[in-house]
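**Q** I'd like to ask some things about the structure below.
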Amino acid sequence: MNKYEKYQNTFFHGSGIYRHLTGSSIPPPPWQPSSKNKKAAAATSSTTSTIAILFFFFFFLFIILVATSGFFGLIHYSLFSSIALQKPVSSPTNKLPNKPQFPLQCTQPNVTQNCPTNYPTRHNPTNPDRPSSNVTCPSYFRLIHEDLRPWKETGITRDMIERAKNTAHFRLVIVDGKAYVEKYKQSIQTRDLFTLWGILQLLRLYPGKLPDLELMFDCNDRPVIRSRDFQGPNSGPPPLFRYCSDGSSLDIVFPDWSFWGWAEINIKPWSDVLKDIKEGNGRSDWRDREPYAYWKGNPNVSPIRKDLLTCNVSEKNDWNTRLYIQDWDQESKQKFKQSNLGDQCIHRYKIYVEGWAWSVSEKYILACDSMTLIIRPHYHDFFSRGMVPLEHYWPIREDSKCTSLKFAVEWGNNHPETAQAIGEAARKYIHEDMKMDYVYDYMFHLLNEYAKLLKFKPTIPILSGGAAPVDEVCSETLACNANGNWKKFMEESLVMSPSDDERAAPCALPLPYDPPALKEFFDKKSGLIKQVESWENEYWLNFSKNIKQ
């Protein structure tokens with residue numbers, strides 16, 4: 001599609017008016033023909049007059065055109081020159097070619113699907129004059145360096161990777177920009193499928209940019225590589241990728257599968273979800289929303305969530321909460337009509353509580369511009385470590401949830417401008433610093449930095465039995481024989497062509513924290529949480545005094 005606007009100029013044409021006078025009472029001049037030649041002279045005179053009139057007509061027309069062309073030229077320049085400077089119209093020879101697209105190339109159903117050979121193997125933007133990306137990645141990218149720090153000095157050997165196989169669901173190998181997968185066991189639902197799908201889209205977005213690499217991926221929730229088991233400079237912990245980690249583990253965090261859709265519960269790919277939530281945010285002003293804290297989810301996955309339900313409104317207590325149980329079986333039967341994430345931004349406050357480990361619901365909750373109340377988390381995903389209490393969320397105690405939630409809502413309703421600003425900051429963080437472009441860039445930089453640590457040359461895995469190498473995996477091998485939401489979400493999240501937007505290259509990875517700066521960052525977060533707890537203690541102390549009086 002031509003991105004340039006075309007301007008059409010309108011030219012105004014004028015016409016001259018003249019009169020031909022005939023007959024006169026004025027005596028003829030001496031050179032007038034005599035009467036005997038009157039007839040011939042008349043003819044000659046008529047011809048001469050006509051020529052003269054035409055001469056003067058075209059002469060004056062020429063003068064008028066010269067004058068008016070300068071005048072209208074001046075008008076045209078003054079009116080349109082600024083527009084022309086801002087949006088020059090390219091000549092046909094400079095017209096940019098249309099961006100090529102590469103949709104899925106599926107063969108007949110139930111037929112072995114081969115990977116196409118026409119997709120670019122190198123990233124060559126269609127506009128070679130575009131400067132390289134000078135966009136710096138969001139600050140949470142700096143923690144990529146921290147996640148890989150255990151292998152900074154020793155590097156990563158093949159033996160280390162093999163020891164990560166114990167709990168891994170699959171091995172991923174990338175050689176010459178192509179992906180190969182050795183699968184060990186089935187993951188929960190289709191987490192492994194959509195995780196691989198996301199990596200394949202990264203390869204389509206930046207073809208040829210990732211170096212060869214090999215890694216193990218565990219699709220379960222909780223981290224398993226405990227730092228206490230790998231003490232000392234040459235301990236060599238196995239590198240294992242997963243969706244979350246914690247302060248006492250070395251698992252490498254990676255964006256979760258739901259960014260490309262959670263087919264089992266009808267949650268669309270991330271870009272579409274953000275659009276729905278943005279629309280939901282715009283349906284009501286923050287001050288017009290329900291002045292309570294909202295949560296809806298499955299309480300059966302953890303004791304923390306079951307304990308949260310004790311904070312629900314009852315005849316005896318009102319903790320300023322409105323808590324609902326999500327029955328996914330019932331929702332499935334009703335085609336998920338009550339589960340649209342864009343419809344859940346109707347309260348001033350939303351609660352995030354972990355499940356069996358971290359929960360994918362975190363990003364959906366923060367995307368609303370309601371102030372998020374986060375019950376003290378034990379785990380972190382790839383982006384949450386960059387958030388700051390009182391800037392992006394309000395911290396809630398785990399051991400006294402009900403009183404902590406009630407105080408948070410009371411405080412927010414008494415300080416509406418600040419509470420609204422916290423919600424808006426979280427919304428901006430998610431919608432801008434966590435848009436899909438940055439999710440892909442995070443994956444790119446994490447895998448790129450990881451590959452630099454490998455002390456061996458990755459090779460294509462061999463099938464068990466040693467007969468032949470495993471087949472290449474591509475978008476077609478995963479999507480073409482899928483059906484239902486699985487195929488629908490893959491088609492919706494398919495990267496149609498290499499990145500060629502305003503920044504064709506990934507954002508620039510920030511430098512790592514130096515130890516004092518990293519300590520200062522986490523100390524700041526800890527200090528803000530203590531500040532909130534101090535306010536809360538004072539509130540309930542005064543409340544008790546008033547009750548006694």
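**Q** Roughly how many Å² is the accessible area per residue of segment 384-452, as a whole number, for a 1.4 Å probe?
**A** Computed with neighbouring chains in place, this is 33 Å² per residue.
**Q** Another one. Taking square-rooted eigenvalues a ≥ b ≥ c of the alpha carbon gyration tensor, is segment 272-391 rounded, prolate or oblate, where a/c under 1.5 means rounded and, failing that, a/b exceeding b/c means prolate?
**A** Rounded is the answer for segment 272-391, as its axis ratio a/c remains below 1.5.
**Q** Additional query: In whole angstrom, note down how far apart the Cα centers of segment 185-257 and segment 262-286 are.
**A** If we compute the Cα centre of each part, the gap is 27 Å.
**Q** Just to confirm my numbers, what's the Cα centroid distance between segment 462-503 and segment 382-444 in Å?
**A** That distance is 34 Å.
**Q** Two decimals is fine: what's Rg over Rh for segment 412-458, C-alpha atoms, Kirkwood radius as Rh?
**A** 1.38
**Q** Run the numbers on segment 263-322 and let me know its relative contact order in percent, using alpha-carbon pairs under 8 Å that are six or more apart. Walk me through the numbers on the way to the answer.
**A** Details: 27 pairs, mean separation 15.2, N = 60.
Once normalised by length, the contact order is 25 percent.
**Q** Next up: With all protein chains present, how much of the accessible area of segment 139-269 (probe radius 1.4 Å) comes from carbon and sulfur, to the nearest whole percent?
**A** On the way: 2060 of 4460 Å².
In segment 139-269, the share of accessible area belonging to carbon and sulfur is 46 percent.
**Q** How would you classify segment 326-426 from its alpha-carbon gyration tensor, with a ≥ b ≥ c the square roots of the eigenvalues: rounded for a/c under 1.5, else prolate if a/b is greater than b/c, otherwise oblate?
**A** prolate
**Q** Just check segment 404-549 against the gyration tensor rule for me: Cα atoms, a ≥ b ≥ c as the square roots of the eigenvalues, rounded for a/c under 1.5, and otherwise prolate or oblate depending on whether a/b exceeds b/c. Let's see the in-between values first.
**A** Numbers: a/c = 2.60, a/b = 2.11, b/c = 1.23.
Taking the square roots of the gyration eigenvalues as a ≥ b ≥ c, segment 404-549 is prolate.
**Q** Which parts of segment 138-170 would a label at LYS455 reach, counting a residue when its backbone N lies under 19 Å from a point 7 Å out along Cα-to-Cβ?
**A** Of the residues in segment 138-170, 148-165 have backbone N under 19 Å from the label point off LYS455.
**Q** Here's something else I'd like to know. Report, to the nearest whole %, how much of the accessible area of segment 397-456 belongs to carbon and sulfur atoms, 1.4 Å probe, protein only. Write down the numbers at each step before the final one.
**A** Numbers: 950 of 2240 Å².
Using a 1.4 Å probe with all protein chains present, segment 397-456 comes out at 42 percent carbon and sulfur.
The values are calculated or read from the model by the stated rules, or taken from the named source; none is laboratory data. Values in this document were obtained by computation on a predicted structure and should not be read as measured data. Cβ sites come from the backbone with ideal geometry, for glycine too, and all protein chains shown count toward neighbours. Heads up: the accessible areas ignore ligands, DNA and RNA and are worked out on the full protein's heavy atoms, side chains in. Shrake-Rupley method; radii C 1.70, N 1.55, O 1.52, S 1.80 Å.
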